[in-house]
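For reference, the structure is listed below as structure tokens.
No lab work stands behind these numbers, since they all come straight from the coordinates. These figures come from a predicted structure and were not determined experimentally. As a convention, Cβ positions derive from the backbone with ideal geometry for all residues, glycine included, and neighbour counts pool all protein chains shown.
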Amino acid sequence: MVYYHLTIALSMKKLIRLAMILGFFWVDGGTVFAATLHVPSSEYLTIQAAIDAAVREDTVQVAAGTYTERITMKSGVIIRGAGAGDNPLIHSIIDGGGTGTVVTAEDVDSTARLEGFKITNGSGNSSGGMFIYTSSPTVINCIFSDNSSGFHGGGMKIMSSSPLVFNCTFTHNAAYGHGGGIFSQYSSPIITNCTFSGNVAGGGGGGIFIDTDSNSRLTNCTFSRNRAVQGGGIGIWSSTPTAINCIVWGNSADTWPEIDGESMIVTYSNVRGGYGGTGNHNIDSDPLFANALAGDFHLLKDSPCIDAGFNSALSIPVSDFEGDDRIMDGNGDGTATVDMGSDEYIYISAGRFYSIKTQDGKAAVIYLGD
């Protein structure tokens, strides 16, 4: 952190203008710049070392690579990776080494932010991937993969918290108890544009389990190919969460393969087997994923989920999981309507195209043929 002392005799008005131009703020008679702490560097070899040194308004910028460590977040500090993915040459990967929870956010406020990482190989009873307790951080553009919990919440466990989880993927996480992907209790998370696939729970909620007084809000999320004893996609107990513009399809369980529990408020969503009463605008029809077996949940051109969502939903995202505009005309009828699920279909000409994000983060358009 760098401090400067101004000795020039200026009026307070001019001093404030100078501070705004130079991009710093006034603290106890001095000026402080918000710093960017780079990892790895000669000063900070690990992510946690940079977090420990950071103060409010600072950013910990993490280069591409694999970091075998476990980290704890801090209020006011942004922790930003090079992007989430499997290639350490271009992505930032935090590997817990199977020794405990990879990321912990305890007593941090909404100014704490985790962005652009793959979180993997975590193992612990307080979640394998991320444990959020009495906190409200933002978690954006992250992948939680191959984490496990001996209790609840293989990918993420949320307790007495209100985080924003946006544009994240939860895949191949496992919990001995509830919530293979996410377990939420006494919490009010906002979960938007997220994909849950291949997660497993020994109890309820292969994708997510929402427990006891939790007012979780799910918007434009996709649940597919998750597995649990009850509620392969979503499990609910003593809570009234909401889901809108979501797809819950192709999950498996001994009972209630898609959603276990009748207290969830589900609207404008595609649920295999249906859910709820009349007037909720839900559908029960094959979403026509591009290749669910390979984890490709783009919508094909004839998907019933295209232009089937609700534009005025709370927490509706501006863009989909790969950065495409969220409210678009997907079927060429001249009306821009949000799609169900985490992907927004792009209609071009006859509607035979969809966009993907290439490994280096660039956009590409795939032609599907006639």
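Peptides 159-168, 239-248, 205-214, 291-300 ranked from most to least packed give 205-214, 239-248, 159-168, 291-300, packing being the mean of other C-beta atoms within 10 angstrom over each peptide's residues. When both the stretch 274-304 and the stretch 175-223 are represented by their alpha-carbon centers, they are found 19 Å apart.
Taking 0.36 nm per residue of separation and subtracting the current Cα-Cα distance, fully stretching the chain between Asp213 and Tyr176 would add 11.1 nm. Extension gain for the segment Val318 to Ile90, taken as residue separation times 0.36 nm less the Cα-Cα distance, is 79.5 nm to one decimal. Computed from backbone phi with θ = phi - 60° and the Karplus coefficients 6.51, -1.76 and 1.60, the 3J(HN,Hα) list for the stretch 199-212 is 8, 10, 10, x, x, x, x, x, x, 8, 10, 10, 10, 6 Hz; x is used for glycine and proline. With neighbour counts taken as other beta-carbon atoms within 10 Å, the residues Ile182, Ile158, Ile51, Ile306 rank, fewest first, as Ile51, Ile306, Ile158, Ile182.
Summing charges over neighbours of Glu57, with a neighbour being any other residue whose Cβ is under 14 Å away from its Cβ, gives +2 when K and R count +1 and D and E count -1. Applying 1/(1 + (r/R0)^6) with r as the Cβ-Cβ distance of Ala53 and Ser263 and R0 = 51 angstrom yields a FRET efficiency of 0.65. Computed 3J(HN,Hα) for the stretch 234-242, one whole-Hz value per residue from the Karplus formula 6.51 cos²θ - 1.76 cosθ + 1.60 where θ = phi - 60°, is 9, x, 9, 8, 6, 8, 10, x, 10, glycine and proline marked x. Residues in the stretch 165-175 carry Karplus couplings, in order, of 10, 10, 6, 10, 10, 10, 9, 6, 9, 9, 10 Hz; the curve used is 6.51 cos²θ - 1.76 cosθ + 1.60 with θ = phi - 60°, and Gly or Pro positions show x. The stretch between Glu69 and Leu45 holds 7.5 nm of extra length on full extension. This uses 0.36 nm per residue minus the Cα-Cα distance. Neighbours of Trp237 by Cβ distance under 11 Å: Lys/Arg scored +1, Asp/Glu scored -1, total -3. Annotation: peptides 107-117, 326-336, 194-204, ranked by per-residue average of other Cβ atoms within 10 Å with the highest first, follow the order 194-204, 107-117, 326-336.
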